[in-house]
Amino acid sequence: MVPIRAGDFTLPGATVIDSGTNFTLRAPHAERVELCLFVDDRETRVDLPPTGDGMFSGVTSAAAHGTRYGYRVHGRWDAGAGIFTNPAKLLLDPYARHIAGEVHPNPALLIHRYRHEDKLDDRDSAPFVPRSVVVKSDAAGVVDTRPATPWEDTLIYEAHVRGLTMRHPAVPPELRGTFAGIATPPIIEHLLALGVTAVELLPVLHSVTEPWLARHGLANYWGYSTVGWFAPQSRYSAGPDPVGEFKAMVQALHAAGIEVILDVVYNHTAEGNHLGPALCYRGLDNPGFYRLDPENACRYVDWTGTGNTVDLTQPWALRICLDSLRYWATEMNVDGFRFDLAVSLGRSGVAFTANAPFFEGVAADPLLSNLKLIAEPWDLGPHGYQLGRFPNGWREWNGRFRDDVRDFWRGEGSGIVSGMVGSQDVFGPRGATASINLITAHDGFTLDDLVSYDHKHNAANQEHNRDGETHNRSWNSGLEGPSTDPMIMMRRRKRAESLLGTLLLARGVPMLLGGDEMGRSQGGNNNAYSQDNEVSWLDWEAIDWDRVSVTQILARLRQTHHVFRRADEPPEVLEFEPHDELTVAFYFDGSKCVPPDSSFLIACNGRPQPRRITLPPELADRSWKVVVDTARSLESVSGSIEIGDFGLVVARTDP
């Protein structure tokens, strides 16, 4: 018999105390909850004492740091109300700090009810699902100071833990693809050389691979199929302690002055649609966690494209979400979060509102409200595009900046002016730093593929090229895919460098996709979510060093000249004749900075022919030195500038 006594139900999850471990679980539809302890995969069950109001809590000396466990919930099965209590399904602890194991690729072994019958499936899922693991907290351990970089000084680098380090020859083989690998000097030195101030990591909260992918020999590489909101992904740990390894990574990056932003997924979970597996939340309180179809409680509202949508208007779901954020911000000491499909988080009922319970909960927290908070301002629900409508204090991925800049540098659009001056027409009084400027991200083409492909090439995903965005606003520069033609290669180089120049020198907060600075290609795959292989991993032995050098120059200009980062005054858009929407120029007046800074001209030509522009008289008589010219033809400017085809010129004059 496993000894157990009533516990402290105010402590959610598994908490190590002097007399053992306190386990607390909320299961409001349960008549009985069994705590299942695993030693050498042998299961021992003990009833968790009820403490009232749907809570169950107990302390046992039979569990300690490293013990694997799960729950079996007995009680009400009411398909009409969307309640699916099923003791045959071993459930994860929603507050587990560590999760070990994978989901079996055969979904029939995991399903919570028979596929075409309104009754539960009594097959035991324990052999086929992950385990929660007890973790002893050491929040009072190492002191780690946040860099606290102001938004106007921030340069974000979006990266994947595995993709960033798997192929780096100077990272020890046993550390590649791990948190510890990111903390190594070669990676940190590369980031610092680029002027990066914040790393935005694709999801590191524990996720599982969907059975369909596993059966096809693929994996959910990106990690957006999360199931554990408190547990770092165990696959990214070089050793048996992913929690400690994650903390050490954060500490190493902070010591270098680099912040850590986590891409988090609170809009859906890996439990999928009504035919998906019962892994955690579905078996504990399905209607208190998910948005159920109002006409059929067995089905889910799907505003995320994954089969389910978390309902953050429900108190329990909201509490888990906010507790998760607090955990990563306090014990794990991260600096901010990027929220996937953030419109779903802000839906009160159906409509999106900046006063939704989730936003109010974050605003009321003195720690969370002062972290870096970034929204992906869209989802797949009604009126799902909400760019510019998030609360004060939030920043947003600026999809319009991305689209306008892509169009301009393929010669098909004129919207570059808005983005260069800070997207004031989108964000208004919230200012330019409300805009996270991007031209590429994990989801879509890389920078090199953007200038090398007209069409997606996603055959490796085994979905018959139906997945991924079809309208990419890309142009292959004259030939689809790899080319040795010198003219095409030159045109691609110029366009890529011009895109980088626009990104890094526009007002707002730039986000650089990891690998774009070195010429990374995914072979035209614009949805490499399932490619945990060389398609997605950065190739550190095939680096375009010219691209690296240009990126460093542009980033250094932004970093060392306040005129590019000032929040109070946008650059002047220059007028010249004849007017041409695909040739634009901007004047960054450094004389108004305190202390005075250099002044800069940025001239952009989105046409396939060179274009000469004449400077206004008040600028023409100055001495201008060219610091960047993607056409490689200019050293200085006097009176007028000839900009090469698809060219960007940056010229400087000192005060």
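Every read-out reported here was derived from the displayed coordinates using simple, explicitly stated rules and does not represent laboratory data. Values in this document were obtained by computation on a predicted structure and should not be read as measured data. All Cβ positions, even for glycine, are placed from backbone atoms using ideal geometry, and neighbour counts span all protein chains on display.
Odds and ends about this structure:
- Label-point separation, Trp77 to Glu581 (7 Å along Cα→Cβ), nm: 6.2
- Each of Thr85, Tyr529, Leu155 was scored by the projection of its Cα onto the charge dipole of the chain, and the greatest displacement toward the positive side belongs to Thr85; charges sit on the C-beta of Lys, Arg, Asp and Glu.
- Each residue of region 487-501 was assigned a 3J(HN,Hα) from its phi angle through the Karplus curve 6.51 cos²θ - 1.76 cosθ + 1.60 (θ = phi - 60°); the sequence is 5, 5, 4, 5, 4, 5, 4, 4, 5, 5, 5, 5, 4, 5, x Hz, with glycine and proline shown as x.
- Spin-label pair Asp293/Thr484, simplified geometry with 7 Å Cα→Cβ offset, distance in nm: 5.6
- Across all directions, the average flat footprint of the convex hull enclosing the Cα atoms of region 5-133 is 7.9 nm².
- Farthest towards the positive end of the charge dipole of the chain, among the residues Ala603, Ala441, Ser640, is the Cα of Ala441, using unit charges on the Cβ of Lys, Arg, Asp and Glu.
- Here is how the number arises for the chain: DSSP H runs of 4 or more residues each give -39500 (n - 2.57), the sum is divided by the residue count, and the result at 222 nm is -5500 deg cm²/dmol.
- The protection proxy used here, the mean number of other Cβ atoms lying within 10 Å of each residue, ranks peptides 498-506, 390-398 as follows, highest first: 498-506, 390-398.
- DSSP beta bridges confined to the chain are antiparallel in about 75 percent of cases.
- Amide H to amide H, with H built 1.01 Å from N, Gly75 comes under 5 Å of Glu31, counting only residues 5 or more places away or on other chains.
- With the convex hull of the Cα atoms taken as the outline of the chain, the averaged projected area works out to 29.0 nm².
- Exposure proxy order (Cβ contacts within 10 Å, fewest to most) of Ser423, Ser132: Ser423, Ser132
- Across region 611-619, rounded Karplus estimates of 3J(HN,Hα) from the backbone phi angles (6.51 cos²θ - 1.76 cosθ + 1.60, θ = phi - 60°) give 9, 9, 10, 9, 6, x, x, 5, 10 Hz, Gly and Pro being marked x.
- Ranking of Asp18, Asp285 by count of other Cβ atoms within 10 Å, fewest first: Asp18, Asp285
- Segment Leu275..Asp124, full-extension length gain: 52.7 nm, with 0.36 nm per residue of separation and the alpha-carbon distance subtracted.
- Computed magnitude of the charge dipole of region 178-270 (debye, nearest 20; Cβ of K, R +1, Cβ of D, E -1): 220
- C-alpha long axis of helix 545-560 to longest principal axis of the chain, angle in °: 90
- Computed from point charges on the beta carbon alone (+1 for Lys and Arg, -1 for Asp and Glu), the dipole magnitude for region 570-653 about its Cα centre is near 260 Debye.
- Taken as Cα centroids, region 398-439 and region 325-393 sit 22 Å apart, rounded to the nearest whole angstrom.
- In this Cβ point-charge picture (+1 for Lys and Arg, -1 for Asp and Glu), the chain has a dipole of about 540 debye about its Cα centre.
- Estimated FRET transfer efficiency when R0 is 51 angstrom, pair Val417-Asp138 (beta carbons, to 0.05): 0.50
- Per-residue HN-Hα couplings for region 569-576 [Karplus 6.51, -1.76, 1.60; θ = phi - 60°; Hz; x = Gly/Pro]: 8, x, x, 7, 8, 7, 9, 8
- A full extension of the chain between Val2 and Ala170 corresponds to an added length of 55.6 nm, given 0.36 nm per residue minus the alpha carbon distance.
- Arg632-Lys592 FRET efficiency (beta carbon distance; Förster radius 25 Å; 0.05 resolution): 0.20
- Extension gain from Arg45 to Arg607, taking 0.36 nm per residue of separation minus the Cα-Cα distance: 195.2 nm
- Sorting the segments 407-418, 271-282, 166-177 by their mean number of nearby beta carbons within 10 angstrom, highest to lowest, gives 271-282, 407-418, 166-177.
- Cα Rg, Dmax (largest Cα-Cα span) when computed across region 570-653, Å: 12.2, 40
- Near Leu615, the amide H atoms lying under 5 Å from its own belong to Ser640, Ile641; only residues 5 or more places off or on other chains count, and H is placed 1.01 Å from N.
- Rounded to 0.05, the FRET efficiency of the Val350 and Glu618 pair, given R0 = 60 Å and the Cβ-Cβ distance, is 0.65.
- Rounded tilt (10° steps) of 315-330 against the dominant C-alpha axis of the chain: 60
- Taking amide H atoms as placed 1.01 Å from N in the peptide plane, the amide H of Leu373 lies under 5 Å from those of Phe337, Arg395, each 5 or more residues away in sequence or on another chain.
- Of the residues Asn392, Asn476, Cys280, the one whose Cα sits farthest towards the positive end of the charge dipole of the chain is Cys280 (charges of +1 on Lys and Arg Cβ, -1 on Asp and Glu Cβ, taken about the Cα centre).
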